[in-house]
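Heads up, the thing below is written out as structure tokens.
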Amino acid sequence: MAGSEGEGLDLHSFAIRLRRMTAEFNRIAHEFAGDHHLHPTDVQALIKIFDAPSPITPSRLRDELNLTSGAVTACLDRLERAGHIRRVRDAHDRRVIHLHYQEAALELAAAFFRPLGRSTDNVLRQFEPEELRVVAAFLDTMNDELEVLRRSRG
């Protein structure tokens, strides 16, 4: 790793690193949005739909993105028209709608983000499994704290 042992491990240094990484990810997401005529919020919605462990509902997406019902509806309408998602009514409760990625959207995203995957893999290979467990634990804990902070403000 760059730098000497213990260098730049204070709160300020971590904040800078995290902001820089977030900014780079946002730039890549905005580039994807621009290339595919999407709003940046549409890309965030696609990421949430893709990352959900099971099909997500519009209301859960609204909560995750902190949007109004109208904004989520407009976003989903755009994504559906563009062929990125489909809305599927629940078989047991027809009032419930689940959001699913379309196969074409998966292929489009995979093609665009494949270089990011390769870059991530290149970085992962530079660290030992125990180091990666520590990094993963930090990121998981940081994300949990950010969620608590966000929810406490809303």
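The values are calculated or read from the model by the stated rules, or taken from the named source; none is laboratory data. Keep in mind the model is a prediction, meaning the values are calculated, not measured. Every residue, glycine among them, receives a Cβ derived from its backbone with ideal geometry; neighbour counts consider all protein chains shown.
Quick check on this structure: which one of 133, 89 is farther than 29 Å from residue 37 by Cβ, without any contact (Cβ under 8 Å) to a residue 40 or more places away in the chain and surrounded by fewer than 13 Cβ atoms within 10 Å (Cβ to Cβ)? Let's see the steps before the verdict.
Numbers: 89 fails: farther than 29 Å from residue 37 by Cβ.
Residue meeting the stated conditions: 133.
Just to be sure I understand, how many residues within segment 87-146 are touching a His at 6+ places or on another chain (Cβ under 7 Å) and of a type in the set (Val, Ile, Thr)?
Residues flagged as touching a His at 6+ places or on another chain (Cβ under 7 Å) and of a type in the set (Val, Ile, Thr) within segment 87-146 amount to 1.
Count, please, the residues in segment 124-151 that happen to be polar (S, T, N, Q) and under 21 Å from the mean Cα position of the chain (by Cα).
Matching residues across segment 124-151 total 2.
Looking at 24, 80, 7, 31 in this structure, which one is over 18 Å from the mean Cα position of the chain (by Cα) and either within 24 Å of residue 115 (Cα to Cα) or exposed (fewer than 12 other Cβ atoms within 10 Å of the Cβ) (or both)? Let's see the steps before the verdict.
Values: 24 fails: over 18 Å from the mean Cα position of the chain (by Cα); 80 fails: either within 24 Å of residue 115 (Cα to Cα) or exposed (fewer than 12 other Cβ atoms within 10 Å of the Cβ) (or both); 31 fails: over 18 Å from the mean Cα position of the chain (by Cα).
One residue alone meets the criteria, 7.
Pairs only if they're at least six apart or on different chains, beta carbon under 8 angstrom, first in segment 55-68 and closer than 18 Å to residue 146 by Cα and among the basic types (Lys, Arg), second surrounded by 16 or more Cβ atoms within 10 Å (Cβ to Cβ) and at pLDDT 95 or above; list them, first residue then second.
62/72
In the list 47, 97, which residue meets the criterion of being of a type in the set (A, V, I, L, M), touching a helix residue (DSSP H, G or I) at 6+ places or on another chain (Cβ under 9 Å) and within 23 Å of residue 28 (Cβ to Cβ)? Before the answer, list the steps.
On the way: 97 fails: within 23 Å of residue 28 (Cβ to Cβ).
Step by step, each of 47, 97 is checked, and only 47 is of a type in the set (A, V, I, L, M), touching a helix residue (DSSP H, G or I) at 6+ places or on another chain (Cβ under 9 Å) and within 23 Å of residue 28 (Cβ to Cβ).
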